[in-house]
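Laboratory data are not the source of any read-out in this text; all were calculated from the coordinates shown. Nothing here was measured: the structure is a model prediction, and the numbers come from that model. As a convention, Cβ positions derive from the backbone with ideal geometry for all residues, glycine included, and neighbour counts pool all protein chains shown.
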Amino acid sequence: MSNVPPVIRFFPMIEDELKPNLEVIPAGTELWRVHQSKYRPVQFNPRLADIHLKGGRFEGTVLDPYRSLYVADSALTAVAESLLRSVPFLPTGKRKIPYAFVHGRTLSVLRTTRELTLVSLIEEKDLAAVHQTADLLDDERSYPMARRWTSEIRAQAPEAMGLVWQSRRNRPKHSMVLFHDRFEDCHCGALEVLPEQGIADLGSREGVDELDRLLDPLRAEVSKPITW
């Protein structure tokens, strides 16, 4: 007999019958990701969020311990989602991103090698299909509910490899989160790295210059270290 303990499934915990709308991301699609340079571009984040307190909006928890990987449909969307959180406009009309936000980070480009099936949360009808409203995406106080509801969606859409929604910081472009277990189950190597693209060192002079060019339409730029 195997000594491996059985996997305990906590979800679904609700009686609601969710009917998620699915969106297929075609093979050959380029996806962009900002991540710490010490991690590989296709490495899923192993961190689990607290059930009630700290953690990302769609990260796994001890009750549903999947690893996550956030990507976006463009370089600007990935950068905006990662760097513009809680960065206010100054009286000059610009936003100044602290240099610490970019130091030791990389902008990588991935390409899908097969179709990815995601649950769509883009339109109001998509949110209604999973019994939610835009508060799930727009209200930062809803992070614990978003994590819980993601697990409910996962339980009722076992074919879904992630979620896709409208970016809050670069509307109407799209952000996505991918679930590591749905990739492991298919043994598909669904993502490949395009090393010739992206920005290897966002904290370098060249990286900051490129970021400033990317972010200019959103009226944002990186604060330069005083030693430069």
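Only one residue of Met145, Leu76, Gln36 has its Cα farthest out toward the positive end of the dipole of the chain, where Lys and Arg carry +1 and Asp and Glu -1 on Cβ, and that residue is Gln36. A simple packing score, the average count of other Cβ atoms within 10 Å per residue, orders the peptides 143-155, 202-214, 81-93 as 143-155, 202-214, 81-93, with the highest score first. A simple rule links phi to the HN-Hα coupling: the Karplus curve 6.51 cos²θ - 1.76 cosθ + 1.60 with θ = phi - 60°, which for the stretch 159-171 gives 7, 6, 9, x, 10, 9, 8, 7, 4, 6, 10, 8, 4 Hz, with x for Gly and Pro.
Translational diffusion of the stretch 26-222, estimated by Stokes-Einstein from the Kirkwood radius over alpha carbon pairs at 37 °C in a medium of 0.692 mPa s, is 188 µm² per second.
In this Cβ point-charge picture (+1 for Lys and Arg, -1 for Asp and Glu), the chain has a dipole of about 820 debye about its Cα centre. Please give the Cα centre distance for the stretch 153-228 versus the stretch 84-144, rounded to the nearest Å. Measuring centre to centre over Cα atoms gives 9 Å. Here each label is just a point 7 Å from Cα along the line to Cβ, and for Val193 and Lys224 those points are 3.1 nm apart. Model label sites at His52 and Tyr39, defined 7 Å from Cα along the beta-carbon direction, differ in position by 2.7 nm. Here the Kirkwood formula, the inverse mean of 1/r across different C-alpha pairs, assigns the stretch 97-157 a hydrodynamic radius of 14.5 Å. Inter-label distance, Glu184 to Arg168: 2.9 nm, where each label sits 7 Å from its Cα along the C-beta direction. With a threshold of 32 Å on the Cα-Cα distance, the over-threshold entries among Lys173/Lys224; Lys96/Lys173; Lys19/Lys94; Lys38/Lys125; Lys38/Lys96 are Lys19/Lys94; Lys38/Lys125. Can you give the angle from 0 to 90° between the axis of helix 143-156 and the longest principal axis of the chain, with both taken from C-alpha atoms, to the nearest 10? The two axes meet at around 50 degrees.
With springs connecting C-alpha atoms under 10 Å apart, model the chain as a Gaussian network and identify which of Ala80, Ala72, Ala190 has the largest mean-square fluctuation. Of Ala80, Ala72, Ala190, the Gaussian network model singles out Ala190 as fluctuating most.
Taking 0.36 nm per residue of separation and subtracting the Cα-Cα distance, full extension of the segment from Val62 to Phe11 would add 17.2 nm.
Placing unit charges on the Cβ atoms of the charged side chains and taking the dipole of the chain about its Cα centre, the candidate lying farthest along the positive direction among Val102, Leu48, Pro158 is Val102. Subtracting the Cα-Cα distance of Glu115 and Tyr99 from 0.36 nm times their residue separation leaves 2.1 nm of extension gain. If you count the DSSP beta bridges with both ends in the stretch 26-222, what percent of them are antiparallel, to the nearest 5? Expressed as a percentage, antiparallel bridges in the stretch 26-222 total about 85.
Could you tell me the calculated FRET efficiency between Leu90 and Lys125, based on Cβ-Cβ distance and R0 = 41 angstrom, to the nearest 0.05? Calculated value: 0.60.
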